[in-house]
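Sending over a structure as structure tokens; questions will come in a sec.
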Amino acid sequence: MAESLEAVLERSRTLGFLGPGPIAEQRAHAEAFTTAIDTLGVEAAVDLGSGGGIPGLVLATLLPHLRWTLLDGMPRRTSFLEEAVAALGLEGRVQVVTARAELAGRAPALRGEFQLVVARGFASPAVTAECAAPLLASGGQLVVSEPPGSMGDRWPDVGVAELGLTVEAVVSGPPSFVRLRRTGAVPERFPRRVGIPGKRPLWS
């Protein structure tokens, strides 16, 4: 019998992969992503920097019609995520990939393959956008958890346009989210080499 999501997330917190806050609150924050996700036409989704499984495991449970990829560069975390996927009985439609996001965005099996990318606490807006955009199919969306009261001003039009993205919607919280849409081509030079997006962000 599949393990409960609460039990899996509690174990994730015990291992240090989630913050110390109540699991119920962290799960509620993950579930709130659905207020910003446009599910029309979405078949495949990726959780960027999945870490301890929030929001990826929660959304994979909540949106069973989607195929999910949980992406993280830390083998210890992805080992846990693989165990969690098995424990929750999600093996048929959830895969775990161990890779830095900069490398994943250049992998032929992943580049341009997703209609949805979600990110919670992954990195600064510029780094998140640069790592996410190459994973998106044309017309795909990037949904990012934002600080309380965000008005979307952390995502300048000129900066995101360089990556083929457009800010489409801002959901004021709490929790708050921004949704960006891939409306143009993502230049082949993105993402740049590992570490470069953080060292030389496209905007600050």
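For the chain, what are Rg and Dmax over the alpha carbons, in angstrom?
Just the Cα atoms of the chain yield Rg and Dmax of 15.8, 50 Å.
Below 8 Å between Cα atoms, with a sequence gap of 6+, how large is the relative contact order for the chain in percent?
19
Report the full-extension gain for the segment residue 63 to residue 172: residue separation times 0.36 nm, less the Cα-Cα distance, to one decimal in nm.
37.0 nm
As a test, work out the antiparallel percent of DSSP beta bridges whose residues both lie in the chain, rounded to the nearest 5.
The answer is about 40 percent antiparallel.
For the Cα atoms of the chain, what angle does the longest principal axis make with the long axis of helix 75-87, in degrees from 0 to 90, nearest 10?
The helix 75-87 is inclined about 60 degrees to the chain.
Mind giving me the FRET efficiency for residue 138 and residue 194? R0 is 35 Å, r the Cβ-Cβ distance, nearest 0.05 is fine.
Computed FRET efficiency for residue 138 and residue 194 comes out at 0.85.
Using 0.36 nm per residue of separation minus the Cα-Cα distance, give me the extension gain between residue 82 and residue 15 in nm, one decimal.
22.7 nm
Count neighbours as other Cβ atoms within 10 Å of each site's Cβ, and list the GluC sites (Glu not before Pro) in the range 44-98 that are DSSP loop with at most 12 such neighbours.
Within the range 44-98, the qualifying GluC sites (Glu not before Pro) (loop, at most 12 other Cβ atoms within 10 Å) are 91.
Of 60, 104, 161, which has the largest mean-square fluctuation in a 10 Å C-alpha GNM of the chain?
In this elastic network of the chain, the residue with the biggest mean-square fluctuation among 60, 104, 161 is 161.
Report the percentage of all Cα-Cα pairs in the range 119-167 whose separation exceeds 18 Å, rounded to a whole percent.
Roughly 22 percent, rounded to a whole number.
Which residue, chosen from 184, 84, 64, occupies the Cα position most advanced towards the positive end of the dipole of the chain, where the dipole is computed from +1 (Lys, Arg) and -1 (Asp, Glu) charges on Cβ about the Cα centre?
184
Give or take rounding to whole Å, what are the principal axis extents of the alpha carbon atoms in the range 134-204, in descending order?
For the range 134-204, the Cα extents along the three principal axes come out at 35, 28, 19 Å.
Further question on the same structure: Over all distinct Cα pairs, what is the inverse of the mean 1/r for the range 14-111, reported as the Kirkwood hydrodynamic radius in Å?
13.9
Can I ask one more? Would you mind computing the Rg to Rh ratio of the range 83-202 from its alpha-carbon coordinates, Kirkwood style for Rh?
Rg/Rh for the range 83-202 comes to 0.98.
Compute the distance in nm between two label points, each set 7 Å from the Cα along the Cα-to-Cβ direction, one at residue 185 and one at residue 38.
Result: 2.3 nm between the two label points.
Work out the length of the dipole vector of the chain about its Cα centre, built from +1 on the beta-carbon of each Lys and Arg and -1 on the beta-carbon of each Asp and Glu, and round it to the nearest 20 debye.
Around 620 debye, computed over the chain.
Here, each number is a calculation from the coordinates, and none is a lab measurement. Here the structure is a predicted model, which is why all the values come from computation and not from measurement. Cβ: placed from backbone, ideal geometry, glycine included. Neighbour counts: every protein chain shown.
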